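Asker: Handing you this structure, nothing more for now.
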Amino acid sequence: MPDDVEARFLRLLDDRAFDQVATLALETYGAELHGFLIHALGSQSEAGDVFAQVVETFWRGLPRFAARCSMRTWLYLLARHAEVNHRRSPWNGERRTGDATLDALVHRVRSETPPWQRTDVKDRWREVREALAPEDRMLLVLRVDRELEWADIARVTLGDPEPERAALAKETVRLRKRFQLLKQHLRARARAAGLIGDAR
């Protein structure tokens with residue numbers, strides 16, 4: 001399905017049907033992007049505000065989108081930029097895109113995203129994940145939850161849809177190493193929290 005959706009994006013972009021591109025993008029990737037921001041920020045309300053900022057930036061940038069990466073990867077790039085900017089100077093109040101249709105889509109995605117389930121085990125797993133550094137949380141969500149390819153994750157962390165080949169390769173290696181360390185760290189934290197037993 002992702003290849004079919006990405007092909008539709010390209011056709012719609014060629015036709016300059018930006019409203020249809022935005023609708024398709026938010027219907028296809030909105031919920032997962034909002035979930036990514038919830039994990040990255042650790043706050044559903046902050047994630048909602050940042051998500052609205054992502055949609056606004058996405059909408060304004062659509063006419064210049066050159067398809068140097070997939071639409072999905074570009075949306076994660078925008079989400080990462082918005083998340084970093086929010087950490088530097090958080091805003092107050094609910095963001096609006098200025099377009100009634102997009103505002104309605106943003107509201108729908110935010111309200112349809114299921115809240116975190118509140119079972120004891122899931123709460124303890126959430127606590128383990130929330131204790132991670134922001135970059136580690138982001139890496140875990142992008143690789144495990146969203147199943148992005150390493151090269152796409154590297155584009156997100158580099159903040160560049162088309163980095164130099166050497167920079168992309170170097171960042172990919174760095175991320176893979178960090179992910180291995182992260183898995184070891186998570187296993188240790190999960191054991192300490194009684195979520196998994198000792199491997200013997």
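Every read-out reported here was derived from the displayed coordinates using simple, explicitly stated rules and does not represent laboratory data. Just so we're clear, the structure is a prediction, and the values are computed from it rather than from any experiment. Counting neighbours? That spans all protein chains shown, and the Cβs are built from the backbone with ideal geometry, glycine included.
Asker: Going out from 0 in 5 Å bins, what whole percent of all Cα-Cα distances in region 1-90 drops into each bin?
Answerer: 3, 14, 27, 24, 16, 11, 5, 1
Asker: Highest first, please rank the peptides 38-45, 63-70 by the mean number of other Cβ atoms sitting within 10 Å of their residues. Intermediate results must be reported in sequence, preceding the final value.
Answerer: On the way: 38-45: 17.8, 63-70: 13.2.
Order by mean packing, descending: 38-45, 63-70.
Asker: If packing is taken as the average count of other Cβ atoms within 10 Å, what order do 3-11, 81-89 fall into, highest mean first?
Answerer: Numbers: 3-11: 13.1, 81-89: 14.7.
Result, highest mean first: 81-89, 3-11.
Asker: Ranked highest first by average number of other Cβ atoms within 10 Å, how do 163-169, 19-25, 182-188 line up? Mind showing how you got there, number by number?
Answerer: Working: 163-169: 12.4, 19-25: 18.0, 182-188: 14.6.
Ranking the peptides 163-169, 19-25, 182-188 by packing returns 19-25, 182-188, 163-169.
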